[in-house]
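Student: What follows is a single structure, and I will ask about it in a moment.
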Amino acid sequence: TPTGTVSFNVTWTDWNTSGIGVFISVNRSGAVTTYAASNTSATVWNLTLSGFPAGVHYWRTNATDVYGNKNDSGAWIAINIPLAAPVTTLYLGDTAGANTVNEDTNLWLNGTMGTGDSNYILNMYLDGAIFATNTSGPVINQTSFANPGVRTFTLNYTATGNYTALSTSYVLSVNDTTPPASSGEWNQNATFTPTGTVSFNVTWTDWNTS
C-alpha cells in the first residue's frame, strides 16, 4: 500500500497454548529482523509493521512452548507489494480539465502532486514538447495564447521506487476573436464597353482561411 504497512497473522496450536512465545522474522529488502508477535486470541498472534517499500519481501514464524519445544514455519513466505498509483492534478486556469479561452489571454497552468514519493519529477508538456519541470513543488507557468487553435497539455509523473508513472492530458481550445483583415483592393480602370464588365480583386488574411 502507499503507507507500506503490512499485518502478519499466524495461528499456532498446542495442547497448552498459554506461555507460548511467538516470533516473526521479516526479510525487508534484504535485511532480516525478528519481532515478538502479540496474542489476539488463544491461538492467533499478530504483528503490524510499516515502512515497507514496493517490491518483494519475505517472512516466516517460529514458536516456543513453556517446555522449550520450538517449531518453525519453514520456508520463507513472499510478500509482494506492488507499485501504487500516484495522485496528480493538472489545472488549465482554474479548471482541472479541458478549458476554453479567447486568444491573447494570459492563463496560469498548474500541475500538482497529491500523493507520490519525495524524489518525484513532474514534467509538463505542450503539444508533446517539454514545457516546464519541477522536483520540489508544483509545475507552474503563466502563458499568453496569442494564436487561436487547439493545444494539448500533459502532466507527467515519472515512475519512482514506490509509484508508477502517470500522465494526464487535457485540451485547451483558444478561440479566434480577431476579424479577418482586408488589403489590396483594386479594380481595373473602368471604361464603357458594351458588356459593362468590371473586375474586383481583394485580399483577406486570417489565421484560418479555410
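The values are calculated or read from the model by the stated rules, or taken from the named source; none is laboratory data. These numbers come from a predicted model, not from an experiment. Quick reminder, even Gly has a Cβ in these numbers, built from the backbone with ideal geometry, and neighbours come from all protein chains shown. Keep in mind that these areas ignore ligands, DNA and RNA; they rest on the heavy atoms of the full protein, side chains included. Shrake-Rupley method; radii C 1.70, N 1.55, O 1.52, S 1.80 Å.
Student: Please work out, to two decimal places, the log10 of the ratio I(q)/I(0) at q = 0.08, 0.09, 0.13 Å⁻¹ from a Debye calculation in which every Cα of the chain carries one identical scatterer.
Tutor: With no solvent term, the Cα-only Debye profile gives -0.57, -0.63, -0.85.
Student: Size of the dipole of the chain about the Cα centre, Lys and Arg at +1 and Asp and Glu at -1 on the beta carbon, nothing else charged, in debye to 20?
Tutor: Details: 4 positive and 11 negative charges, 163 e Å.
Dipole size: approximately 780 debye.
Student: Could I get the Rg over Rh figure for the stretch 80-145? Both from C-alpha atoms, Rh via Kirkwood, rounded to two places.
Tutor: Here Rg/Rh amounts to 1.04.
Student: Moving to a separate point now. For the stretch 36-94, what's the relative contact order in percent, using C-alpha pairs closer than 8 Å and at least 6 residues apart?
Tutor: RCO, the stretch 36-94: 27 percent.
Student: Another question, if that's okay. Remind me, what semi-axes does the stretch 73-112 give for its equivalent ellipsoid, largest first in whole Å, using sqrt of 5 times each Cα gyration tensor eigenvalue?
Tutor: After scaling each eigenvalue by five and taking roots: 48, 7, 5 Å.
Student: At 1.4 Å probe size, with every protein chain present, just tell me what the per residue accessible area of the chain comes to in Å².
Tutor: On the way: 12320 Å² over 210 residues.
Dividing the accessible area of the chain by its residue count gives 59 Å².
Student: Let me ask something additional. Where does the charge balance sit around A98 when Lys and Arg score +1, Asp and Glu -1, over other residues with C-beta under 15 Å from its C-beta?
Tutor: So the surrounding residues net to -1.
Student: Enter the mean projected area of the convex hull around the alpha-carbon atoms of the stretch 39-159, in nm², rounded to one decimal.
Tutor: 11.9 nm²
Student: Whole-Hz ³J(HN,Hα) for each residue in the stretch 115-120, computed from phi via Karplus 6.51 cos²θ - 1.76 cosθ + 1.60 with θ = phi - 60°, x for glycine and proline: what do you get?
Tutor: 9, x, 6, 6, 9, 7
Student: Work out the FRET efficiency for D104 and S167 from their Cβ-Cβ distance, taking R0 = 25 Å, and round it to the nearest 0.05. Could you put the intermediate results ahead of the total?
Tutor: On the way: r = 29 Å, r/R0 = 1.17.
Efficiency at R0 = 25 Å is approximately 0.30.
Student: If R0 is 35 Å, what FRET efficiency do you get for R151 and S29 from their C-beta distance, rounded to 0.05?
Tutor: 0.20
Student: Could you give me the ³J(HN,Hα) list for the stretch 122-130, computed from phi with Karplus coefficients 6.51, -1.76, 1.60 and θ = phi - 60°, whole Hz, x at Gly and Pro?
Tutor: These are the phi-based 3J(HN,Hα) values: 9, 10, 10, 10, 10, 6, x, 9, 4 Hz.
Student: Taking 0.36 nm per residue of sequence separation and subtracting the Cα-Cα distance, how much length would be gained by fully extending the chain between N46 and A85, in nm to one decimal?
Tutor: Additional length available on full extension: 11.2 nm.
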